[in-house]
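To start, the structure itself, in structure tokens.
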Amino acid sequence: MSLLALGTLAYDDVYTPYGEVKMIEAGSCTYIAMAATYFVQPVQIVSVIGGDYNDDFLADLKRRGADLGGVEVIEDGKSFYWAGRYHDDMMGRDTLDTQLNVLADFQPKVPAEYRTSDYVMLGNLTPAVQSSVLDQLDHRPKLVALDTMNFWMDSALDDLKAVLKRIDILIINDEEARQLSGELSLLKAAAAIVEMGPKILIIKKGEHGALLFHNDELFSAPALLLPQVIDPTGAGDTFAGGLMGYLAASDDLSFDNLKRAVIHGSAMASFVVEDFGTRRLQTLDQDQIDARVQRFASLMHVAL
């Protein structure tokens with residue numbers, strides 16, 4: 001199986017209480033692909049970059065199993081850029097600068113060889129751009145997942161509701177779930193969101209784990225306490241990449257396997273926060289991933 005991933009390849013400046021980095025490779029597709037390729041290959045990336053993007057980093061992504069045939073290169077343009085500073089508690093952050101650059105006029109072009117993908121991850125971009133990727137596919141995929149954010153709920157709600165009718169999994173955090181649904185209770189929020197289209201809802205709760213809703217079943221995944229969180233940037237995208245990579249590799253959409261996918265996504269996200277950007281993801285091996293998954297499993301085991 002392959003996984004098609006839409007999103008950004010970007011540069012970030014990140015400031016946290018543990019240090020700072022400038023012009024580090026980042027973006028939703030970067031994190032999604034870096035996590036997913038540990039489970040499934042190829043990860044077919046649909047994105048856009050400027051001529052300034054690091055060729056060595058792209059080569060490393062390709063070596064890991066990313067297919068860059070859907071990455072448009074604007075040679076005289078600059079890649080998407082974001083700068084942010086995290087608060088001392090690492091829960092909040094302030095955006096210092098955002099430069100859309102080549103992303104401002106991005107119209108995704110899905111290569112012909114990508115159009116039969118059975119698994120699709122639509123990273124956080126405008127809902128109209130997410131829909132345009134689905135419009136180019138040759139058939140209805142087995143599973144389409146989508147990430148979004150508060151900004152699109154404020155500025156493009158009608159387009160967001162339209163694309164929600166076309167997907168299977170929505171991945172958002174608890175604040176976004178409350179805003180989208182208008183409900184304070186996450187249980188009521190989940191019911192309202194499922195009525196909008198997605199059959200499966202995953203609500204991320206940061207350091208408090210994640211909730212998986214499917215039909216009448218609910219799974220609460222634990223969070224792993226870490227001695228130090230260096231950089232939370234990209235944790236949600238890494239979670240999505242691990243989740244969808246695992247599902248595409250196993251090709252099993254049962255509720256039990258969805259639970260396993262959530263744990264594998266959580267494990268990958270727990271790694272990425274241990275260093276800036278994708279540095280930690282670039283040093284992993286399968287034994288480390290398996291051991292981290294087992295740590296999550298041990299948090300859920302109880303003999304009654």
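Please figure out what share of the DSSP beta bridges in the chain is antiparallel and state it in percent, rounded to the nearest 5.
Taking every DSSP beta bridge within the chain, about 40 percent pair in antiparallel fashion.
Give the shape of the range 43-87 as rounded, prolate or oblate, defined through the alpha-carbon gyration tensor: a ≥ b ≥ c are the square roots of its eigenvalues, a/c under 1.5 means rounded, and otherwise the shape is prolate if a/b is larger than b/c and oblate if not.
Note, shape of the range 43-87 comes out oblate.
Report, in listed order, any pair from LYS62/LYS205; LYS109/LYS161; LYS165/LYS204; LYS78/LYS161; LYS165/LYS205; LYS62/LYS109 with a Cα-Cα distance greater than 27 Å. Provide the component values of the computation, followed by the final result.
Values: LYS62/LYS205 32 Å; LYS109/LYS161 23 Å; LYS165/LYS204 21 Å; LYS78/LYS161 31 Å; LYS165/LYS205 24 Å; LYS62/LYS109 19 Å.
Among LYS62/LYS205; LYS109/LYS161; LYS165/LYS204; LYS78/LYS161; LYS165/LYS205; LYS62/LYS109, the Cα-Cα distance tops 27 Å for LYS62/LYS205; LYS78/LYS161.
Please give me the summed charge of the neighbours of PHE219: other residues whose Cβ is under 14 Å from its Cβ, Lys and Arg +1, Asp and Glu -1. Walk me through the numbers on the way to the answer.
On the way: positive: LYS204, LYS205, LYS259, ARG260; negative: ASP216, GLU217, ASP256.
Here the charged neighbours net out to +1.
Which shape class, rounded, prolate or oblate, goes with the chain when its Cα gyration tensor gives a ≥ b ≥ c as root eigenvalues, a/c under 1.5 marks rounded, and past that a/b bigger than b/c marks prolate? Kindly include the intermediate steps, with their values, before the conclusion.
On the way: a/c = 1.28, a/b = 1.12, b/c = 1.14.
Because its axes are fairly even, with a/c under 1.5, the chain counts as rounded.
On a full-extension model of 0.36 nm per residue, what is the gain between ASP118 and ASP89, subtracting their alpha-carbon distance, rounded to one decimal in nm? Mind showing how you got there, number by number?
Details: separation 29, 0.36 × 29 = 10.44 nm, distance 3.98 nm.
Contour length minus Cα-Cα distance gives 6.5 nm.
Restricting to Cα pairs below 8 Å that are 6+ residues apart, what does the relative contact order work out to for the chain? Please round to a whole percent. Working shown, then result.
On the way: 646 pairs, mean separation 54.5, N = 304.
About 18 percent, as a whole number.
Using Cβ counts within 10 Å as a stand-in for footprinting exposure, how do THR16, THR98 rank, fewest first?
THR98, THR16
Go ahead and collect, in residue order, the members of the range 12-44 whose backbone nitrogen is under 17 Å from a label point 7 Å along the Cα-Cβ direction of ASP97.
Within reach of a label on ASP97, which here means backbone N under 17 Å from a point 7 Å along Cα→Cβ, the range 12-44 contributes 12-16, 20-27.
Classify the range 18-62 as rounded, prolate or oblate from the Cα gyration tensor: take a ≥ b ≥ c as the square roots of its eigenvalues, call it rounded if a/c is under 1.5, otherwise prolate when a/b beats b/c and oblate if not. Don't skip to the answer; put the middle values down first.
Values: a/c = 2.07, a/b = 1.35, b/c = 1.54.
Judged from the Cα gyration tensor, the range 18-62 comes out oblate (a/c at least 1.5, b/c at or above a/b).
Full-extension gain between LYS199 and ASN54, please, as 0.36 nm times their residue separation minus the C-alpha to C-alpha distance.
Working: separation 145, 0.36 × 145 = 52.20 nm, distance 3.84 nm.
In short, 48.4 nm is gained.
Going by C-beta contacts inside 10 Å, put SER270, SER298, SER131 in order with the fewest on the left. Spell out each step's value before the answer.
Values: SER270 23, SER298 10, SER131 18.
With the sparsest Cβ surroundings first, the list reads SER298, SER131, SER270.
What are the ³J(HN,Hα) values, in whole Hz, obtained from phi via the Karplus relation 6.51 cos²θ - 1.76 cosθ + 1.60 with θ = phi - 60°, for each residue of the range 35-46 in sequence order, with x given for Gly and Pro?
6, 5, 5, 6, 10, 9, 9, x, 9, 8, 8, 10
Excluding the sites themselves, what is the longest stretch of the chain that contains no GluC sites (Glu not before Pro) in a DSSP loop with at most 14 other C-beta atoms within 10 Å?
Values: sites that count: GLU75, GLU195.
That would be 76-194.
At LEU284 and LEU299, where each label point lies 7 Å from the Cα along Cα→Cβ, what is the point-to-point distance in nanometres?
1.5 nm
Could you check the simple spin-label distance between LYS62 and ASN257, using points 7 Å along Cα→Cβ, in nm with one decimal?
Calculated label separation equals 3.2 nm.
Rule-based calculations on the coordinates, nothing more; no lab input. These figures come from a predicted structure and were not determined experimentally. Neighbour counts are summed over all protein chains in view; Cβ atoms, including those assigned to glycine, are modelled from backbone coordinates with ideal geometry.
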